[in-house]
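Everything below concerns the one structure shown next.
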């Protein structure tokens, strides 16, 4: 999906956004339900006031940031490109990769915030399945 196509989706759903330095920043007050889209363009930042539903997404491209006030639902996700960051206060749910919520994953390390561990794993390419 291109950035232009993603903007069309946001406008169709009446979700507010701004463009900043080549990034699309989603700024809606509430949740974002985009369960029907199967891809995202690079350089999208979610700074909305609620949950983000992206359950049909299988791959996250570089430059995606989650800084929303709610949960992130990525149940079909199989690949995460380095450059993706989870900065939201809650944790993502990734049924395919972790069989549920990341904070419940048995590989978490006591004393290290789960999102910090997840971001490090993403940064070193542990989930990058691009060919």
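The values are calculated or read from the model by the stated rules, or taken from the named source; none is laboratory data. Predicted model, so just to flag it, every value in this text is computed and none were measured. Glycine gets a Cβ as well: all are built from the backbone with ideal geometry, and neighbour counts include every protein chain shown.
Assorted remarks:
- Residue 79 meets each of the listed conditions (1) without any contact (Cβ under 8 Å) to a residue 40 or more places away in the chain; (2) surrounded by fewer than 20 Cβ atoms within 10 Å (Cβ to Cβ) apart from (1).
- Some residue of segment 118-130 being surrounded by fewer than 17 Cβ atoms within 10 Å (Cβ to Cβ) and touching a helix residue (DSSP H, G or I) at 6+ places or on another chain (Cβ under 7 Å): no
- A residue that is farther than 22 Å from residue 117 by Cα, under 12 Å from the mean Cα position of the chain (by Cα), in a strand (DSSP E or B) and in contact (Cβ under 8 Å) with a residue 12 or more places away in the chain occurs nowhere in segment 55-66.
- Residues in segment 105-116 that are more than 14 Å from the chain's Cα centre (by Cα) and assigned to a helix (DSSP H, G or I): 114, 116.
- The one condition in (1) crowded, with 17+ Cβ neighbours inside 10 Å; (2) in contact with a strand residue (DSSP E or B) (Cβ under 7 Å, 6 or more places away or on another chain); (3) within 26 Å of residue 4 (Cα to Cα) that residue 33 fails to fulfil: (1)
- Screening segment 82-104 for residues that are part of a strand (DSSP E or B) and either surrounded by fewer than 18 Cβ atoms within 10 Å (Cβ to Cβ) or out of contact with any strand residue (DSSP E or B) (no Cβ under 9 Å at 6 or more places or on another chain) (or both) and picking the one that is modelled with the highest pLDDT gives 85.
- Flag for residue 16 being more than 15 Å from residue 64 (Cβ to Cβ), without any contact (Cβ under 8 Å) to a residue 24 or more places away in the chain and surrounded by 14 or more Cβ atoms within 10 Å (Cβ to Cβ): no
- Residue check, residue 49 surrounded by fewer than 16 Cβ atoms within 10 Å (Cβ to Cβ), under 17 Å from residue 87 (Cβ atoms) and without any contact (Cβ under 8 Å) to a residue 40 or more places away in the chain: yes
- Of the residues making up segment 1-54, those that are closer than 28 Å to residue 98 by Cβ and assigned to a strand (DSSP E or B) number 11.
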